[in-house]
Amino acid sequence: MAVLVGCGQAPKKGTTSNVTKQDFGKTPDGVPVELYTLTNGRGMQTRIMTYGGTVVSLTAPDRQGNFADVVLGMDDLAGYLKGVPYFGALIGRYGNRIGHAQFTLDGQVYRLAANNNGNSLHGGNRGFDKRVWNAAVKGDSLELTYLSKDGEEGYPGNLSAKVVYTVTPADELKIEYTATTDKDTVLNLTNHSYFNLKGQGEGDILQHEVTINADHFTPTDAGLIPTGEIRAVKGTPLDFTKPTAIGARIGQNDEQLKAAGGYDHNWVLNRSGAGLVKAAEVYEPTTGRVMQVWTTQPGLQFYAGNFLNGTIRGKGGKVYPRRGAFCMETQHFPDSPNHPDFPSTELKPGETYDQVTVYHFSAR
Ligand code: BGC
């Protein structure tokens, strides 16, 4: 690489930033929303809006090198404001469900919005997916910050959250999450992108072959709240230790699949210590696209888009049918605040919550 010398200035780092910004409208209460485009110089591109810190689009190559947008979303802000099931959004304060919409911390009961069959889902009525984040471009990354005030959606503590999105030269979307609090609290951040590796709006995902690096999962009750058991996947249709098409067993007469209407469970990732592990790999046979998911988190919610039902018209007017996408939400286990045996989701003043998830794309 050529480096300019001799003009009296040190070469500047980051001046060829691959992040651009445009206006993306205003919320009903007049707050401007921005849309950032991040590219890696190799063709991969993502667009992220400050409303919900949402991944609006993400392109990945097929085996011929053709790029397609592989995430569900809407063409404009109005589409998102009409109500979508968390397409691409950051989820907080607590990803997935908290049973009976309450938990006890330091002897105090905290009540949350019961927005899902008596339970609390994805942070309540107005979670992080419905907040406008502050944005700053840092080199090739987009840094989003949000201050969630003490008591917001029932959660204790002023929580400062930071999420850094990067499209790396290795064809990855990297998401780094950090947060601090001024009071004991619980926290479980994730991203809720819906993937279809054929391309968004290109039918269902039942032929996608999934591998999950997990020997166990957390079975749920009828309301999708973990019972507390850590159950072996062996001998069940939730065994994805070897590549298996999503559709191969999703219709089986299995008590767990029936309760959730398909795959919508938390897998307990195999790990021998802290750090990034490969959580899952997904292969789409017609295009050859491969997505690997790497994370520092203990769990993975693999959701097969069972609740999509063809009523949403997304980007480019595409209809999103039942199981028209899948989610791979890296996370702590659902309802952890009510299960002392699960890895703790508590965050205390002086500590820093720190998680990383990487979605890596290739084709074969
Ligand atoms: C949950 C599903 C839910 C979906 C969208 C997933 O994380 O596990 O049950 O329907 O999010 O709301």
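Miscellaneous remarks
- A simple spin-label model places pseudo-atoms 7 Å from Cα toward Cβ; at residue 42 and residue 67 they are separated by 1.2 nm.
- Solvent-accessible area assigned to carbon and sulfur over the stretch 203-299 amounts to 53 percent, based on a 1.4 Å probe.
- Accessible area of the chain divided out per residue, in Å², using a probe of 1.4 angstrom: 41 Å²
- Cut-off 14 Å between beta-carbons: net charge of the residues surrounding residue 207, Lys and Arg +1, Asp and Glu -1: 0
- Distance between the 7 Å Cα→Cβ label points at residue 270 and residue 239: 1.3 nm.
- Neighbour net charge for residue 74 - beta-carbon separation under 11 angstrom, K R +1, D E -1: +2
- Available extension along the chain between residue 31 and residue 104 is 22.8 nm, counting 0.36 nm per residue and deducting the alpha carbon span.
- Placing pseudo-labels 7 Å out from each Cα toward the beta carbon at residue 207 and residue 307 gives an inter-label distance of 2.9 nm.
- Proximal charge balance of residue 286 [Cβ under 14 Å; K/R count +1, D/E count -1]: -1
- Relative contact order for the stretch 18-363, counting Cα pairs under 8 Å that sit 6 or more residues apart, in percent: 18 percent
The values are calculated or read from the model by the stated rules, or taken from the named source; none is laboratory data. The model shown is predicted, which means the values in this text are computed figures rather than measured ones. Positions of Cβ are backbone-derived with ideal geometry, glycine not excepted, and every protein chain shown enters the neighbour counts. We work out accessible area using only protein heavy atoms, side chains counted, and drop any ligands, DNA or RNA first. Shrake-Rupley method; radii C 1.70, N 1.55, O 1.52, S 1.80 Å.
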